[in-house]
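The values are calculated or read from the model by the stated rules, or taken from the named source; none is laboratory data. All values reported here derive from a predicted model rather than from experimental measurement. Cβ: placed from backbone, ideal geometry, glycine included. Neighbour counts: every protein chain shown. Keep in mind that these areas ignore ligands, DNA and RNA; they rest on the heavy atoms of the full protein, side chains included. Shrake-Rupley method; radii C 1.70, N 1.55, O 1.52, S 1.80 Å.
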Amino acid sequence: VAVGCAQAGSSTTSDAQGETETETEQDTLSATKEGNGGGTITTTPAGIDCGVDCDGIYDRGTSVTLMATPDMRSAFVGWSGGGCSGTDACVVTMDGAIAVTATFSLTQHTLTVMRAGNGGGTVTSAAAGIACGSDCTETYDYDTSVMLTAGANGSSTFAGWSGGNCSGTGTCTTTITD
């Protein structure tokens, strides 16, 4: 086998019969997900659909666009590695192995306790945050379960819960979803 001239990213060989073959070098693009949230990473051209396949093989010199899509409970925070940053699509040109990381975080939502009536008392949460007398609002990660307890003071009585899928006069457990 005789070796002929080569272009960047490919090599040309000739066999004994003079037939020419061109082999294109290929590189691995690896995508990783980090953070407490979730989502998918996909590429154009196709090759990575991370949830399932987080590595793709591409011809050297190929421009690959990575897109991050958060799941319904998460937000896409940004890219790192491979020269990518920010939250827009990440575009890399294959010139060796490249590793890129997408970071997802759980979205956060605010829980607000509103006291009603003319009595007095407090509402506290088992998870740190709500101590309503003074602090009636707290931010929690999506899908966090928060247990609230009401306590009447003096000659007041607690009449019951409304909202947050709570009712009655016992503890209230609500799940943060929006």
Checklist entry - Which value, in debye to the nearest 20, describes the size of the charge dipole of segment 62-178 about its Cα centre when Lys and Arg Cβ atoms bear +1, Asp and Glu Cβ atoms bear -1, and nothing else is charged? => result 340
Item to check | Which of Ile48, Ala31, Thr112, positive extreme of dipole for the chain (C-beta unit charges) | outcome: Thr112
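Using a 1.4 Å probe on the protein chains only, how many percent of the accessible area of segment 15-155 belongs to carbon and sulfur? Write down the numbers at each step before the final one.
Working: 3650 of 7730 Å².
Carbon and sulfur together cover 47 percent of it.
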Checklist entry - Considering only DSSP beta bridges with both partners in the chain, what is the antiparallel share in %, to the nearest 5? => result 90
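Could you work out the relative contact order of the chain, using alpha carbon pairs under 8 angstrom and six or more residues apart, expressed as a whole percent? Provide the component values of the computation, followed by the final result.
Numbers: 403 pairs, mean separation 28.5, N = 178.
The value is 16 percent.
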Item to check | Semi-axis lengths, Å, segment 105-178, gyration tensor of Cα atoms, sqrt of 5 times eigenvalues | outcome: 23, 12, 9
Item to check | Isotropic mean projected area of the C-alpha convex hull, segment 39-79 (nm²) | outcome: 3.1
Checklist entry - Label point 7 Å out from Thr65 along Cα-to-Cβ: which residues of segment 83-98 have amide N under 19 Å? => result 83-95
Next on the checklist: Taking each pair of distinct Cα atoms in the chain once, what is the resulting Kirkwood hydrodynamic radius in Å?
Outcome noted: 20.7
Checklist entry - When the Cα centres of segment 91-107 and segment 108-145 are compared, how far apart do they sit, in Å? => result 39
Item to check | Percent of C-alpha pairs per 10 Å bin, segment 73-151, short to long | outcome: 16, 30, 18, 16, 12, 7, 2, 0
